[in-house]
């Protein structure tokens, strides 16, 4: 059965992390997921949580209300957006006074939040909605035992009390997807380590050190590559890998791809369509299809 | 509307400051009492090794009522918001949430906001997103933008005046 979602792009993916968006738009429709582009979304509010949490709740509620107006469930490919939207739902469902207050503000734009709609992320969309069997059916070029490390990103794993796409301490859904693609997921001690991105705003050097430490550990363990599922994590691990290497005095050369890019390659889609030319890490080392 | 309205000081913010103060007092009086200083939060803290953040000490200081000292300290801005402390606390204290409340208080009481937060907030106010479309560089050093990759137009607030009016209500706290 076809699933239909409003694609909630957030800020980072549609303004610079184009490879994620390209690979999502290439792969998911082939797996019977219909993505609807909706006008008028704004930031989810998560980047402003340290500044004003009410603003975070307001912005998330605003976006949820827009999806509600179109009678659509929401697909948020960014881990930060997914947390903000889920947490906002949790707050508004638990706290009727807050819901009334937020709706009072939303009236300025003629919006209203009433019901909790489904909010999915790439990981649970692929694993729980599309399903492993269906993914396997679409694999045309299996990845021949490629050793890949999965990076989940903190915000899709915690806090579990509000419901997250995978287990907070032992997530396995990306690994299951990697196996379906013919790759060999590798367990590694640093799997749950943060990418560092939340510190980019005020402590960029420390943020990059965090990134460098994780990549260095992966490199030393002889893992062939890494996949991630968040534009913030990817900005750190791929776009800024060279700089991250400088902070730990190491020459890093770990191929980093979005999970949806690797999925697309295994489905036989060309690297160009999946935005592989935008990855700045040495993805050519994986020797996949037409990737140069 | 200026950024000042949202982040600080002026009279309109007094309600927000009162609300934050109530929240911190509640955290101090009720929540921090549950903490028995097992330091499980600190042992898993992503910022601990790198930046010496010690969440269990933050809770201990809050319990002793040192709110102003915490609000004025740079250490509250070292949290990576990985949420492990909240997940793992056996007493459900959630130091990360205490840190968010302290940072919000630092902003609302007029202390300077560090780093790029001001710029991101200004961008949200003017166009709805933390940044506008950026040029990106390919592996072969070509520069590209969103439309050149065949991606559809950016989703952002259509009527910015109305969008700002909604946010203004947070600044004015007249809801």
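The values are calculated or read from the model by the stated rules, or taken from the named source; none is laboratory data. This is a predicted model, so every value here is computed, not measured. Cβ atoms come from the backbone with ideal geometry, glycine included; neighbour counts cover every protein chain shown.
Given the conditions (1) buried (at least 24 other Cβ atoms within 10 Å of the Cβ); (2) not in a helix (DSSP H, G or I), report the number of the one that residue A:272 does not fulfil.
(1)
Could you please find all residues in region A:29-59 being within 16 Å of residue B:120 (Cβ to Cβ) and under 17 Å from the mean Cα position of the chain (by Cα)?
A:43, A:44, A:45, A:46, A:47
Only one of B:136, B:118, B:143 is modelled with pLDDT of 95 or more and more than 7 Å from every other protein chain (Cβ to nearest Cβ); which?
Working: B:136 fails: more than 7 Å from every other protein chain (Cβ to nearest Cβ); B:118 fails: modelled with pLDDT of 95 or more.
Unique residue meeting the criteria: B:143.
Residues in region B:53-73 that are farther than 20 Å from residue B:86 by Cβ and part of a loop (DSSP other than H, G, I, E, B): how many?
Count: 5.
Of the conditions (1) closer than 29 Å to residue A:255 by Cα; (2) exposed (fewer than 14 other Cβ atoms within 10 Å of the Cβ); (3) more than 7 Å from chain A (Cβ to nearest Cβ), residue B:152 fails just one. Which one is it?
Every condition holds for residue B:152 apart from (3).
Identify all residues within region B:40-61 that are within 13 Å of chain A (Cβ to nearest Cβ), more than 12 Å from residue B:89 (Cβ to Cβ) and surrounded by fewer than 24 Cβ atoms within 10 Å (Cβ to Cβ); write none if there are none.
Selection gives B:48, B:49, B:50, B:51, B:52, B:53.
Say whether the condition of being within 29 Å of residue A:285 (Cβ to Cβ) and not assigned by TED's automatic domain parsing to the domain that holds residue A:222 is met by at least one residue in region A:158-166.
no
What are the residues in region A:275-292 that are more than 10 Å from chain B (Cβ to nearest Cβ) and either within 21 Å of the chain's Cα centre (by Cα) or assigned to a loop (DSSP other than H, G, I, E, B) (or both), if any?
To start, the set of residues in region A:275-292 that are more than 10 Å from chain B (Cβ to nearest Cβ) comprises A:285-290.
Once the filter is applied, which keeps residues that are more than 10 Å from chain B (Cβ to nearest Cβ) and either within 21 Å of the chain's Cα centre (by Cα) or assigned to a loop (DSSP other than H, G, I, E, B) (or both), region A:275-292 yields A:287, A:288, A:289, A:290.
Those residues that are in contact (Cβ under 8 Å) with a residue 40 or more places away in the chain, farther than 20 Å from residue A:136 by Cβ and surrounded by fewer than 18 Cβ atoms within 10 Å (Cβ to Cβ), I need them from region A:156-190; list them, please.
Once the filter is applied, which keeps residues that are in contact (Cβ under 8 Å) with a residue 40 or more places away in the chain, farther than 20 Å from residue A:136 by Cβ and surrounded by fewer than 18 Cβ atoms within 10 Å (Cβ to Cβ), region A:156-190 yields A:162, A:163.
Go through (1) in contact with a strand residue (DSSP E or B) (Cβ under 7 Å, 6 or more places away or on another chain); (2) modelled with pLDDT under 95 and name the single condition residue A:288 misses.
(1)
So which of A:26, A:68 is surrounded by fewer than 21 Cβ atoms within 10 Å (Cβ to Cβ), in a helix (DSSP H, G or I) and within 11 Å of another protein chain (Cβ to nearest Cβ)?
Step by step, each of A:26, A:68 is checked, and only A:26 is surrounded by fewer than 21 Cβ atoms within 10 Å (Cβ to Cβ), in a helix (DSSP H, G or I) and within 11 Å of another protein chain (Cβ to nearest Cβ).
Check whether at least one residue in region A:198-210 is more than 21 Å from residue A:141 (Cα to Cα) and more than 13 Å from every other protein chain (Cβ to nearest Cβ), and report yes or no. Walk me through how you get there before you give the answer.
The first filter runs over region A:198-210 and keeps only residues more than 21 Å from residue A:141 (Cα to Cα), leaving A:198-210.
Then drop every residue that is not more than 13 Å from every other protein chain (Cβ to nearest Cβ), which leaves none.
There is no residue in region A:198-210 that is more than 21 Å from residue A:141 (Cα to Cα) and more than 13 Å from every other protein chain (Cβ to nearest Cβ).
Please tell me if residue A:265 is outside any helix (DSSP H, G or I) and surrounded by 24 or more Cβ atoms within 10 Å (Cβ to Cβ).
No, not satisfied.
Mind listing whichever residues of region A:1-23 are out of contact with any strand residue (DSSP E or B) (no Cβ under 8 Å at 6 or more places or on another chain) and assigned to a helix (DSSP H, G or I)?
Taking region A:1-23 first, the residues out of contact with any strand residue (DSSP E or B) (no Cβ under 8 Å at 6 or more places or on another chain) are A:1, A:9-15, A:17, A:21-22.
Correct list: A:12, A:13, A:14, A:15, A:21, A:22.
Go through (1) under 30 Å from residue A:272 (Cα atoms); (2) in contact (Cβ under 8 Å) with a residue 40 or more places away in the chain; (3) surrounded by fewer than 19 Cβ atoms within 10 Å (Cβ to Cβ); (4) within 11 Å of chain B (Cβ to nearest Cβ) and name the single condition residue A:39 misses.
(2)
Name the one entry in B:130, B:113 that is modelled with pLDDT under 95, part of a loop (DSSP other than H, G, I, E, B), surrounded by 20 or more Cβ atoms within 10 Å (Cβ to Cβ) and at the interface with chain A (Cβ under 7 Å from one of its Cβ atoms).
Unique residue meeting the criteria: B:113.
Under the condition of being part of a loop (DSSP other than H, G, I, E, B), modelled with pLDDT of 95 or more and buried (at least 22 other Cβ atoms within 10 Å of the Cβ), which residue from region B:76-93 is farthest from the other protein chains (Cβ to nearest Cβ)?
Applying the filter and picking the extreme gives B:79.
Identify, by number, the condition in (1) assigned to a helix (DSSP H, G or I); (2) more than 14 Å from the chain's Cα centre (by Cα); (3) surrounded by fewer than 22 Cβ atoms within 10 Å (Cβ to Cβ); (4) at the interface with chain A (Cβ under 7 Å from one of its Cβ atoms) that residue B:163 doesn't meet.
Exception for residue B:163: condition (3).
Could you list, in sequence order, the residues of region A:83-99 that are surrounded by 24 or more Cβ atoms within 10 Å (Cβ to Cβ) and away from chain B (no Cβ under 13 Å)?
A:85, A:88
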